1. When all alpha-carbon pairs of region 62-106 are counted, what percent fall beyond 12 Å?
2. What residue among GLY63, GLY33, GLY14 shows peak mean-square fluctuation when the chain is described by a Gaussian network model with Cα springs under 10 Å?
3. Give the long-range amide H neighbours of ALA34: residues separated by 5 or more places, or on another chain, with amide H under 5 Å away, using H modelled in the peptide plane at 1.01 Å from N.
4. Applying the Karplus parametrisation 6.51 cos²θ - 1.76 cosθ + 1.60 with θ = phi - 60° to the phi angles of region 74-81, what ³J(HN,Hα) value in whole Hz is obtained for each residue in order, glycine and proline being reported as x?
5. At a 1.4 Å probe radius, carbon and sulfur cover how many percent of the accessible area of the chain?
6. Can you give me the relative contact order of the chain as a percent, contacts being Cα pairs under 8 Å and 6 or more apart?
7. P(r) for the chain, please, calculated from all Cα pair distances in 10 Å bins and given in %.
8. On a 0 to 90 degree scale, rounded to 10, what angle separates helix 18-30 from the longest Cα axis of the chain?
Amino acid sequence: MPSSSPRNLLPIVGAYLPVPVVGAALSALWDVGATPDGGAEDMVLRGTALTPPLFLPVVLLAGAVAARGGGTRGRVGAGVVSAVAGAFLAGSTANLPNDFAAARSAGTPRALTAGLAAIHIALSIGLLYNAIPTLTGRPTGSAAV
């Protein structure tokens, strides 16, 4: 099993960043909103069926950068990453029926919304696996050797 490390967070976030960019472009193209009555303007603060709220990836990136630092800065960064991961996990599960309704209303493929949810679940697990040891002050796999 790979060892957890806050140094893994930035590459994970970097690999993820194209997802909200493409989702935002598709949301704008198809005018998909957060609800069946919403539109692409929802993407910045509420998210859509095809993209998370766009402020979250920005906050996630800042947290991943901060988590690489030591001490309090690293713990705060890990806390920010953990909070965003929790939001992604909750949004990908609890909000999925609403996302499907918004996608259906806009006429977009349900598979895109399901795919985004799957990506966010996997992303959340990876982020939490690498952030929680720093947040709690426990040694990571590489530091414990």
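The values are calculated or read from the model by the stated rules, or taken from the named source; none is laboratory data. Treat the numbers as computed from the prediction; the structure is a model and nothing was measured. Cβ: placed from backbone, ideal geometry, glycine included. Neighbour counts: every protein chain shown. Quick note on the areas: whole protein, heavy atoms, side chains included, nothing else; ligands and nucleic acids left out. Shrake-Rupley method; radii C 1.70, N 1.55, O 1.52, S 1.80 Å.
1. It works out to 64 percent of all Cα pairs.
2. In the Gaussian network model the winner is GLY14.
3. Sorted by chain and number, the residues that satisfy this are GLY39, ASP42.
4. Going residue by residue, I get x, 5, 5, x, 5, x, 5, 4 Hz, with x marking Gly and Pro.
5. 69
6. Numbers: 233 pairs, mean separation 44.1, N = 145.
Computed value for the chain: 30 percent relative contact order.
7. Histogramming the chain at 10 Å steps yields 13, 41, 27, 15, 4, 0 percent.
8. 10
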